[in-house]
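Notes to accompany the following structure.
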Amino acid sequence: MAIRVAHVGTGNVGGLALTELITNPQFELTGVCVSTPEKVGKDAGELCGVGLAAGVVTGVTAVSDLDALLATKPECVVYCAMGDTRLPDAMADVMRILAAGVNVVGSSPGLLQYPWGVMPDKYIERVEDAARQGNSSILITGVDPGFINDLIPFALAGTCQSIEQVRCMEIADYATYDGAEVMHYMGFGRPLDEVPMLLQPGILGIAWGTAIRQLAAGLGIEIDEITESYQREPAPEDFDIAVGRVPKGTMAALQFEIRGMSDGRPAIVIEHITRLRPDLRPDWAQPAAGGGSYRVEITGEPSYAVDIVPSSRKGDHNHAAIVGAAGRIVNAIPAVIAAPPGIRTTLDLPLVTGKGLYAPTTLVST
């Protein structure tokens, strides 16, 4: 019997997650909730592109009210609304859903990916209380933060005899990325004397602290503190990207690190190198192929350096990474529904394998 699932948020990740909910027979879409007035009343297939591309009409029309969504009686809600810039609202939403007896899997609020040691205990307990009230569970996941920072390094670390450091990297050209709000949040195209939200003191450590803390918990590493650093590179001249013009002298490349320190040593490091042109800062690490890749490095016995290059028949590396985030979310739904109430993480869920996704006809027809 298909799992009844409702959906919130039809942006980059949300739109692709919605596509999977519509096209995967494991799921029955019960409702869609949106925040943009122009989307209200539209068919779910149209909102994610499925309707326009494949003639799919779901009969499920978008609403703007969470109560109306919950009235469709889903077993789970996929929550992909923006959480970075509206954390209190996103937290209130997921607690409301959990208290109503509905499980949650999503991309936000990111702090719930592994909140212990990052979020104040009183806020964690409120989420746990809502989950206990509704006998429901929640998993927040994605790519990075997500499986690049937990599933992959845990799998590699499980073969080691000793570990000195774990480093997870994203190396990507974001010129084709069309998430204007995220690009502004990161500071691209903004003057270098202006500090964007992402680079405000402590924000990097909060945003990726969940990944640091989860890795540390899984590996049994005591983290004394989380430190952060960044470098920026200006645009050498005006040029255009997917979200608009990058003026000369504004930020066009960014490198940052978040380090989980143990006894004065960086035991766990998350590093991002983001360019808007491939010729910027050639001295920084380069992607393994194409416009972007992920790299997981373990220094130990044995040591590993594993490059992961996402690709897609429907877009470039940026699109492929978003598909991966959506897939990680949707494919975890059955495990989250079966899990005990509360905040769930990669550490306490069974391995999500992609069961039921084998479709050889898709290779023949493309």
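Things to note:
- Neighbour net charge for Lys39 - beta-carbon separation under 14 angstrom, K R +1, D E -1: -3
- For q = 0.16, 0.18 Å⁻¹, Debye-computed log10 I/I(0) when each Cα of region 151-315 counts as one equal scatterer: -0.97, -1.15
- Across region 278-356, C-alpha contacts under 8 Å between residues 6 or more apart give a mean separation that, scaled by the residue count, equals a relative contact order of 17 percent.
- More than 38 Å apart - percent of Cα-Cα pairs taken over the chain: 16 percent
- Cα centroid of region 205-226 to Cα centroid of region 5-25, whole Å: 30 Å
- Cβ-Cβ FRET estimate between Asp65 and Phe239, R0 fixed at 45 Å, reported to 0.05: 0.60
- Glu38-Asp348 FRET efficiency (beta carbon distance; Förster radius 51 Å; 0.05 resolution): 0.80
- Only helices enter this figure: runs of n ≥ 4 DSSP H residues, each worth -39500 (n - 2.57), summed and divided by the residues of the chain, yield -8000 deg cm²/dmol at 222 nm to the nearest 500.
- Lys/Arg +1, Asp/Glu -1 at C-beta; region 151-315 dipole; positive extreme among Leu198, Trp284, Ala175: Ala175
- Ranking of Met251, Met261 by count of other Cβ atoms within 10 Å, fewest first: Met261, Met251
- Fluctuation leader among Arg86, Arg281, Arg313 - the chain, Gaussian network, Cα springs under 10 angstrom: Arg313
- The calculated FRET efficiency for Val195 paired with Thr85, based on their beta-carbon distance and R0 = 22 Å, is about 0.90.
- In plain terms, the chain from Thr23 to Asn135 could stretch by 37.5 nm, reckoned as 0.36 nm per residue minus the Cα-Cα distance.
- Radius 15 Å from Cβ of Asn12, net charge of other residues (Lys, Arg +1; Asp, Glu -1): -3
- Each of Leu69, Leu347 was scored by other Cβ atoms within 10 Å of its Cβ. Arranged with the fewest first, they read Leu347, Leu69.
- Taking the DSSP bridge list for the chain and keeping only pairs wholly inside it, about 60 percent are antiparallel.
- With neighbour counts taken as other beta-carbon atoms within 10 Å, the residues Val306, Val105 rank, fewest first, as Val306, Val105.
- Within straight-line cross-link reach of Lys42, aspartates and glutamates at Cα separation under 20 Å, skipping those fewer than 8 residues along the same chain: Glu20, Glu28, Asp65, Asp67
- Restricting attention to region 1-146, close to 10% of DSSP beta bridges with both partner residues there are antiparallel.
- Of all lysines in the structure, the ones whose alpha carbon falls short of 23 Å from that of Lys314, not counting any fewer than 8 places away in one chain, are Lys355.
All of the numbers you see were taken from the coordinates with simple rules; none came from a lab. Quantities reported herein were computed from a predicted structural model and do not represent experimental measurements. A quick note on method: Cβ atoms are made from the backbone with ideal geometry, for glycine too, and the neighbour counts reach across all protein chains shown.
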